[in-house]
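Derivation of every value follows stated rules applied to the coordinates shown; laboratory data play no part. Note that this is a predicted model, so its numbers are computed, not measured. Quick reminder, even Gly has a Cβ in these numbers, built from the backbone with ideal geometry, and neighbours come from all protein chains shown.
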Amino acid sequence: MSLSSTSDPSSTRDDLSTAHPDHAARFTDALAKVTPLLEMEPPLAEHQLAEALQIAAVSSLGLGRFDDAESYWRRSIAANPGFVDAYLNLATLLKKLNRLPEVEALFRQLLHVRPHLADVHNQLGSLLQDQGRFSEAEAAYRQAALLRPDRVEFHYNLGVVLRPLGRWREAAQAYQRAVEMNRGFVMGYSNLGN
């Protein structure tokens, strides 16, 4: 299931802002505490810097400072190219802002560094599927299922994307695998019957 986007950027930005008035002080305090760490000499070790930047990004997001949050997450990724949380948080922000080509690029960049992340292959498949890029989505879902054959949703998603490609038999096989893994998976049975 993919996140929905909105055509009204101001309402999207309102949705992203998590700062309840009671929490704004906490975000401001966290940002004030972490900012000096970002400017330390000698600098923090790469993984520590990436974590500090993550805290700054989350705090900025909570305060509704989306450009700052994006900048901190990008710096976090640069400091530690394997820091999965920074990629995923930035991807979530960019997807909500309907900057889908950048989300795709982030997922591909992360998968270049960490190709074993089945959930990221699945998220990439969902993003591509939402754009009608079914063949590419199929490849991403297949990789997710290959990496984690125990995940029902990966087989189900593969079945879903095979249908618009007209590959009904393969779709049915994917749904069948999903329901064999989880006998209570109603959506899998529903699609087997259609």
Can you bin the stretch 138-194 into rounded, prolate or oblate? Criterion: square roots of the alpha carbon gyration tensor eigenvalues sorted a ≥ b ≥ c, rounded for a/c under 1.5, prolate for a/b above b/c, oblate for the rest. oblate
Summed over the other residues with a beta carbon less than 12 angstrom from that of GLU104, with K and R at +1 and D and E at -1, the charge totals +1
Neighbourhood net charge (12 Å Cβ-Cβ; Lys/Arg +1, Asp/Glu -1) for GLU170: +4
Cα shape, the stretch 28-73, gyration tensor, a/c 1.5 rule: prolate
Length released on extending from ARG167 to ASP119, taking residue separation times 0.36 nm less the Cα-Cα span: 14.9 nm
Answer in debye to the nearest 20: the dipole magnitude of the chain about its Cα centre, from +1 Lys/Arg and -1 Asp/Glu charges placed on Cβ, is 760 debye
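What's the ranking of 109-118, 83-92 by average number of surrounding C-beta atoms within 10 Å, highest first?
The densest-packed peptide leads the list: 83-92, 109-118.
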Using alpha carbons only, how many angstrom separate the centre of the stretch 118-194 from the centre of the stretch 42-117? 28 Å
